[in-house]
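First the structure, in the form of structure tokens, and then the observations on it.
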Amino acid sequence: MNSPDAHFRRLEKDEAARLYQHLCSTWSIREHCWWPLSGDRPAHAECFQDHYFAHELGEESLRRILTAHGVTHLYEHREGGESYELSVSSFEPHYNGLEGFWSDKNLDWIIYASHESSITVGGEWLLNEIKTVWPQWQQRIWTTPFFERPQ
């Protein structure tokens, strides 16, 4: 059943499984985990402390970057949960108790939010754009699980 909200729709199980399998194959995702928690570091990927990613870069900046590259809709896949097609305007990448993955139909970028206070960005153009608009990115690299968030 699709949501009455025009900003997202829940994917049917077979569609969600097919899209998630393609995402896993493309980005070497294993058992609902991705780098740095599982596997080797992919080319053009960086992992950040989720708190700083959200508060210094911000969701609105991320939405502007995606929109500027022609992304209008994307897919959200949650560990053991539902999968959705979202409009960029409703995109909020964060850990909600379930590991989360986001990408679009082209699969040339990915964002992964984990239970370890990390958010990983993959894809050359997306990572380059984030580094351009977020001057503190190098100081916000994720290095340890369960980063202590500032008060």
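Values for this structure:
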{"quantity": "Segment 89-113 - residue that is open to solvent by 10 Å² or more (accessible area, probe 1.4 Å) and of a type in the set (A, V, I, L, M, F, W, C) and, of those, modelled with the lowest pLDDT", "calculated": "98"}
{"quantity": "Residue within segment 137-147 that is part of a helix (DSSP H, G or I) and open to solvent by less than 10 Å² (accessible area, probe 1.4 Å) present", "calculated": "no"}
{"quantity": "Filtered residues of segment 64-81 (kept if open to solvent by 30 Å² or more (accessible area, probe 1.4 Å), not in a strand (DSSP E or B) and not polar (S, T, N, Q))", "calculated": "64, 68, 69, 70, 79, 80, 81"}
{"quantity": "Test result for residue 129, over 13 Å from the mean Cα position of the chain (by Cα) and not in a strand (DSSP E or B)", "calculated": "yes"}
{"quantity": "Looking only at segment 33-53, and only at residues there that are among the aliphatic types (A, V, I, L, M) and touching a strand residue (DSSP E or B) at 6+ places or on another chain (Cβ under 8 Å), the one that is farthest from residue 137 (Cα to Cα)", "calculated": "37"}
{"quantity": "Every pair of residues 6+ apart whose Cβ atoms lie under 6 Å, when the first sits in segment 82-105 and is of a type in the set (Asp, Glu) while the second is open to solvent by less than 10 Å² (accessible area, probe 1.4 Å)", "calculated": "99/114; 104/71; 104/74"}
{"quantity": "Among (1) over 25 Å from residue 141 (Cβ atoms); (2) open to solvent by 40 Å² or more (accessible area, probe 1.4 Å) - the single one residue 60 does not satisfy", "calculated": "(1)"}
{"quantity": "Candidate set: segment 57-94, residues that are in contact with a Pro (Cβ under 9 Å, 6 or more places away or on another chain) and not hydrophobic (A, V, I, L, M, F, W, C); chosen: the one farthest from residue 33 (Cα to Cα)", "calculated": "59"}
{"quantity": "Meets criteria (touching a strand residue (DSSP E or B) at 6+ places or on another chain (Cβ under 7 Å) and modelled with pLDDT of 95 or more) for residue 56", "calculated": "no"}
{"quantity": "Members of segment 30-57 found to be open to solvent by less than 30 Å² (accessible area, probe 1.4 Å), more than 12 Å from the chain's Cα centre (by Cα) and more than 22 Å from residue 20 (Cα to Cα), listed by number", "calculated": "49, 57"}
{"quantity": "Members of segment 5-24 that are closer than 13 Å to residue 101 by Cβ and loosely packed, with under 13 Cβ neighbours inside 10 Å", "calculated": "21"}
{"quantity": "Matching residues in segment 84-101 - criterion: being under 10 Å from the mean Cα position of the chain (by Cα) and more than 14 Å from residue 118 (Cα to Cα)", "calculated": "91, 92"}
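The values are calculated or read from the model by the stated rules, or taken from the named source; none is laboratory data. Only a predicted model underlies this, so the values are computations on that prediction, with no experimental measurement involved. Positions of Cβ are generated from backbone atoms using ideal geometry, with glycine treated the same way; all protein chains shown enter the neighbour counts. Heads up: the accessible areas ignore ligands, DNA and RNA and are worked out on the full protein's heavy atoms, side chains in. Shrake-Rupley method; radii C 1.70, N 1.55, O 1.52, S 1.80 Å.
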